[in-house]
Amino acid sequence: MKFWILVVSYWVHLLATVIWIGGLVSILLVAWPAMRQGTLASNQWFALQRRFSHWSNASLVLLLITGFVQMTSDPNYNGFLALDSLWAGALFVKHLAFLGMVLIGIYVQGYLYPAIARARLLAEIQPRLGSRDLQPLAQREVLLLRINFFCAVAILFCTAIATAV
């Protein structure tokens, strides 16, 4: 039975990773350049971001649960914060990057998206003021997307290290 739990855990973990990384790549490397070129309207961008955030949140929860199952089943696991091997060090860095992504997600969804929505509303009422407020928020969003992508790449690299050990 433990074998099949681990098999399902790996399968769900890989599916969640594909959804999560695929969404980040789509937004950062496809949608953002399209918006900058004017082929994607800003309201479409915002709708895409909001739609992806639900998938991203679900993926991160699944990654957390299945990752815990996998970590505790691995023979290299020697306990919480036991940094006694390359495997443990890679997992520790991976968890720090994961925490960074979660914190960025909380900030973006709890503060940045509402601030962008307020600036857009203000832009409809007073175009000159709203557009002035929107630009720094958009720049911050892109910066956080890039940091999030860097965290994702770091997680995949640390996974490669832990798998190779």
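Computed from the coordinates by the stated procedures, all read-outs in this text should not be read as laboratory data. Please read all numbers here as calculations on a predicted model, not as lab measurements. So basically every Cβ, Gly included, is an ideal-geometry build from the backbone, and we count neighbours across all protein chains shown.
To test your reading of the geometry: what angle, between 0 and 90 degrees and rounded to tens, separates the Cα axis of helix 113-125 from the longest principal axis of the chain? The answer is roughly 10 degrees. Treating the angle as unsigned and between 0 and 90°, give the value, to the nearest 10°, between the Cα long axis of helix 127-164 and the longest Cα principal axis of the chain. That works out to roughly 10 degrees. How many angstrom separate the Cα center of the stretch 143-165 from the Cα center of the stretch 13-28? Using only Cα atoms, the two centres lie 12 Å from each other. Label point of Gln135 set 7 angstrom out along Cα-Cβ; within the stretch 20-61, amide nitrogens under 18 Å from it belong to 36-38, 42. Taking the 0 to 90 degree range and rounding to the nearest ten, how far is the long axis of helix 86-107 tilted relative to the main principal axis of the chain, both from C-alpha atoms? Helix 86-107 sits at roughly 30 degrees to that axis.
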